[in-house]
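The values are calculated or read from the model by the stated rules, or taken from the named source; none is laboratory data. Computed from a prediction, not measured in an experiment: that's the story for all the values here. Every residue, glycine among them, receives a Cβ derived from its backbone with ideal geometry; neighbour counts consider all protein chains shown.
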Amino acid sequence: MARYDIRIPRLYTRSALGAGMGVVLEPSQAHYLLHVLRLNADDPVLLFNGQDGEWRARLEKPGKRAVSARLEERVREQTRPADLHYWFAPLKHSRLDYMAQKAVEMGASRLQPVTTRHTQVARLNLERMHANAVEAAEQCGILTLPDIGAPVTLEQALAQREPSRLLVFCDEDAEVKDPVAALQQARGDHAGAIPAAVLIGPEGGFAEDERALLLRAPHVLRLALGPRILRADTAAVASLALVQAVLGDWR
């Protein structure tokens, strides 16, 4: 991915983007630009919407009720996201925020909450997850936001999975001691990135019947993430880094 100018504020918008168009900014975005960063009319900003690439724009003179930016030129073409899904047992607020941000930074194209026997969080704020995904994408130059799925049970997640998608099932009790070698074997002779999903369980681990269900499913790779027990939010970063390095777009 081409680098972007980190000196210019970067914002996600739901508006269509094209040369010469004006985009009305969200009130929170306007407040941030005008009152936190102290920008003025004609100062540059970067806008992206996940479909039309990234555009350089200029702030227009603030009106009484709205602040807008006028698009000048596209500075980066839209790129295709990695075909990498992240399945996870929901966590509590601050750790879930961290996990969602890091999964987006690591290139996950879908965040899928999966409830298991030992999941400790009953309700999930999907709007909060979306806000964390936007923040991570804005700060890290990412052009596409991930899809965010509604919570499903483990059984439902397995039933909905495409048969061709490799499911990397991270389990501290797995006998696999070399996760890189296991992933390389799963990749085989495939030259490019392959569709994959990474599953991280809850803090209490998987129940034995859940392990059995996963191991009966086709195209599943069970592996451990090294000799140490990782917290679920740490495991998100470790597992996605491994998968991206061996199976994904880091190659």
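Which is out of contact with any helix residue (DSSP H, G or I) (no Cβ under 6 Å at 6 or more places or on another chain) and under 27 Å from Ile194 (Cβ atoms), of Ala100, Ala157, Ala133?
Numbers: Ala100 fails: out of contact with any helix residue (DSSP H, G or I) (no Cβ under 6 Å at 6 or more places or on another chain); Ala133 fails: out of contact with any helix residue (DSSP H, G or I) (no Cβ under 6 Å at 6 or more places or on another chain).
From the options Ala100, Ala157, Ala133, the qualifying one is Ala157.
Any chance you could count how many residues in the stretch 167-187 are among the acidic types (Asp, Glu) and either over 25 Å from the mean Cα position of the chain (by Cα) or not in a loop (DSSP other than H, G, I, E, B) (or both)?
Residues in the stretch 167-187 being among the acidic types (Asp, Glu) and either over 25 Å from the mean Cα position of the chain (by Cα) or not in a loop (DSSP other than H, G, I, E, B) (or both): 3 in total.
Considering Glu105, Glu60, Glu54, which residue is at pLDDT 90 or above and either surrounded by fewer than 15 Cβ atoms within 10 Å (Cβ to Cβ) or in the same structural domain as Pro195 (by TED's automatic domain parsing) (or both)? Let's see the steps before the verdict.
On the way: Glu60 fails: either surrounded by fewer than 15 Cβ atoms within 10 Å (Cβ to Cβ) or in the same structural domain as Pro195 (by TED's automatic domain parsing) (or both); Glu54 fails: either surrounded by fewer than 15 Cβ atoms within 10 Å (Cβ to Cβ) or in the same structural domain as Pro195 (by TED's automatic domain parsing) (or both).
Unique residue meeting the criteria: Glu105.
Show the residue pairs that are 6+ apart or on different chains and have beta-carbon atoms under 6 Å apart, the first residue being within the stretch 90-104 and touching a residue at least 40 places away in the same chain (Cβ under 8 Å) and under 11 Å from Thr234 (Cα atoms), the second being small (Gly, Ala, Ser) and surrounded by 24 or more Cβ atoms within 10 Å (Cβ to Cβ).
Qualifying pairs under 6 Å: Met99/Ala236; Lys102/Ala236; Ala103/Ala236.
Do you know which of the residues in the stretch 234-247 that are within 15 Å of the chain's Cα centre (by Cα) and surrounded by 22 or more Cβ atoms within 10 Å (Cβ to Cβ) is farthest from Gly204 (Cα to Cα)?
So the first thing to find is which residues in the stretch 234-247 are within 15 Å of the chain's Cα centre (by Cα), and the list is 234-241, 243-244.
Of the ones still in play, those that are also surrounded by 22 or more Cβ atoms within 10 Å (Cβ to Cβ) are 236, 239-240, 243.
Numbers: Ala236: 15, Ser239: 18, Leu240: 20, Val243: 23 Å.
This residue is Val243.
Across the stretch 202-235, which residue is nearest to Arg165 (Cα to Cα) among those that are in contact with a strand residue (DSSP E or B) (Cβ under 6 Å, 6 or more places away or on another chain) and not in a strand (DSSP E or B)?
Let us first name the residues in the stretch 202-235 that are in contact with a strand residue (DSSP E or B) (Cβ under 6 Å, 6 or more places away or on another chain), namely 214, 219-222, 225, 232, 235.
From the residues that got through so far, the ones that are not in a strand (DSSP E or B) too are 214, 219, 225, 232, 235.
Details: Leu214: 14, His219: 7, Leu225: 20, Ala232: 22, Ala235: 20 Å.
Applying the filter and picking the extreme gives His219.
Within the stretch 17-36, can you find the residues that are surrounded by fewer than 11 Cβ atoms within 10 Å (Cβ to Cβ) and either in contact with a Gly (Cβ under 7 Å, 6 or more places away or on another chain) or among the aliphatic types (A, V, I, L, M) (or both)?
The answer is Ala19, Val36.
For the stretch 149-179: of the residues being in contact with a Leu (Cβ under 9 Å, 6 or more places away or on another chain) and of a type in the set (Gly, Ala, Ser), which is modelled with the lowest pLDDT?
Ala174
Pick from the stretch 198-251 the residues that are β-branched (Val, Ile, Thr) and within 23 Å of Arg95 (Cβ to Cβ): which of them is modelled with the highest pLDDT? Quick ask: steps written out before the conclusion?
In the first step, residues of the stretch 198-251 are kept if they are β-branched (Val, Ile, Thr); the result is 198, 200, 220, 229, 234, 237, 243, 246.
Then keep just the ones that are within 23 Å of Arg95 (Cβ to Cβ); that gives 198, 200, 229, 234, 237, 243.
Working: Val198: 97, Ile200: 93, Ile229: 83, Thr234: 91, Val237: 93, Val243: 94.
Looking at residues that are β-branched (Val, Ile, Thr) and within 23 Å of Arg95 (Cβ to Cβ), I get Val198.
Any idea which of (1) in a helix (DSSP H, G or I); (2) among the hydrophobic types (A, V, I, L, M, F, W, C); (3) under 18 Å from the mean Cα position of the chain (by Cα) is the one Ile142 doesn't satisfy?
Tallying (1) in a helix (DSSP H, G or I); (2) among the hydrophobic types (A, V, I, L, M, F, W, C); (3) under 18 Å from the mean Cα position of the chain (by Cα), Ile142 fails exactly one: (1).
On the basis of being free of Cβ contacts under 8 Å to residues at least 24 places away in the same chain and in a loop (DSSP other than H, G, I, E, B), does His190 make the cut? Before you say what the answer is, go through the steps one by one.
Numbers: free of Cβ contacts under 8 Å to residues at least 24 places away in the same chain: yes; in a loop (DSSP other than H, G, I, E, B): yes.
For His190, the condition - free of Cβ contacts under 8 Å to residues at least 24 places away in the same chain and in a loop (DSSP other than H, G, I, E, B) - is met.
With the checklist (1) at pLDDT 95 or above; (2) closer than 16 Å to Ser109 by Cα in hand, flag the one item Ala193 doesn't pass.
Ala193 satisfies every listed condition except (1).
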